[in-house]
Amino acid sequence: MSALAALLPDLGRRTLVMGILNVTPDSFSDGGRFQDLDAARDQATRLVQDGAALLDIGGESTRPGHVPVPAEEEQARVLPAIRALSPTLPVPISIDTYKASTAEVALRAGARLVNDVWGLQREPEIAQVAAHHGAPVVVMHNRESIDPSLDIMDEMRAFFERSLTIARRAGIPDRDIVLDPGIGFGKSWEQHLEALRRLPELKALGFPLLVGVSRKSVLGRIHNAATAPSERLFGSIAAHVAAASLGADIVRVHDVRPHVEACQVVDAITRPESRTGA
């Protein structure tokens, strides 16, 4: 059995919901709310009770215009939460980082997966860290700049091929790799929608897919750009329902319970074997 299958035995059988736990002062939606360890612990408990299959803990905002933080500061934010939660939390913890040193200490502290918004390409040593710990990786597509002229699917295929080469050279087996199209990162508004529309082509590469659209500005542009991120729940659910119906295996969200219920409906229609009762 692969490490990914051991951590997430229902992967591929139903749509899994990843709960977001940002221990940052400046994340675009919930910055500052869960920096305190007690608040982080309470939120983690709430997310799991609401049905999260795994938690993604991040210590550096990646919102547009964010200011990068040193690895030491990122680690000072995430390690207390990981150490406090990992011994008793009934679901695996993912560390949301592109820094190899942060991934190393987070995995030693109890994290089980690595979620890299730069697809192992910003610090390729992170792949070696994951391989050493036997940790699965989420490889997200990203770009330094937006180029609306690109065929976004061709761009993602080329990007993921580079990421897969890094992962394989480090010793990470394909069965422990998840791909993420990176909605909200390095794309024009039209390319975000096209990436979602063409998820079946990405799925055809043979890897599980993770999609995260929760509360993002791409949703605000569709209905009302002036909405606050916390007001984008309905759009978030719609985007993730569409993604799940097009092949997404995991959705990364702030609001777990409504997404669990929505995905149960999608699964009942598209994955009849996922139903546990009528």
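The values are calculated or read from the model by the stated rules, or taken from the named source; none is laboratory data. None of the values given here were measured: they were computed from a predicted structure. Heads up, the Cβs are rebuilt from the backbone with ideal geometry, glycines too, and the neighbour counts pull from every protein chain shown. Ligands, DNA and RNA are stripped out before the accessible areas are found, and what is left, the full protein with its side chains, is counted by its heavy atoms. Shrake-Rupley method; radii C 1.70, N 1.55, O 1.52, S 1.80 Å.
Any residue in region 124-133 that is surrounded by fewer than 17 Cβ atoms within 10 Å (Cβ to Cβ), farther than 19 Å from VAL78 by Cα and not acidic (Asp, Glu)?
Checked against the condition, which is being surrounded by fewer than 17 Cβ atoms within 10 Å (Cβ to Cβ), farther than 19 Å from VAL78 by Cα and not acidic (Asp, Glu), region 124-133 yields at least one hit.
Which pairs do you get when a residue that is within 19 Å of THR15 (Cα to Cα), found in region 28-53, comes within reach of a residue that is of a type in the set (D, E, K, R) and at pLDDT 85 or above, reach meaning Cβ atoms under 8 angstrom, with the pair 6+ apart or on two chains?
Hits for this filter: ASP50/ARG257; GLY51/ARG257; ALA53/ASP10.
Since LEU150 meets every condition but one in (1) out of contact with any Gly (no Cβ under 6 Å at 6 or more places or on another chain); (2) in a helix (DSSP H, G or I), which condition does it not meet?
Going through (1) out of contact with any Gly (no Cβ under 6 Å at 6 or more places or on another chain); (2) in a helix (DSSP H, G or I) one by one, LEU150 breaks only (2).
Could you say which residue among ARG271, ARG252, ARG221 is touching a residue at least 60 places away in the same chain (Cβ under 8 Å) and more than 28 Å from ILE95 (Cβ to Cβ)? Break it down stepwise before answering.
On the way: ARG252 fails: more than 28 Å from ILE95 (Cβ to Cβ); ARG221 fails: touching a residue at least 60 places away in the same chain (Cβ under 8 Å).
The conditions single out ARG271.
Among the residues of region 119-141, what is the count of those that are over 20 Å from GLY206 (Cα atoms) and not in a helix (DSSP H, G or I)?
5
Going through region 87-116 one residue at a time, which ones are touching an Asp or Glu at 6+ places or on another chain (Cβ under 7 Å) and either open to solvent by less than 20 Å² (accessible area, probe 1.4 Å) or acidic (Asp, Glu) (or both)?
Residues satisfying the conditions are SER94, ASP96, THR97, LYS99, ALA100, THR102, ASN115.
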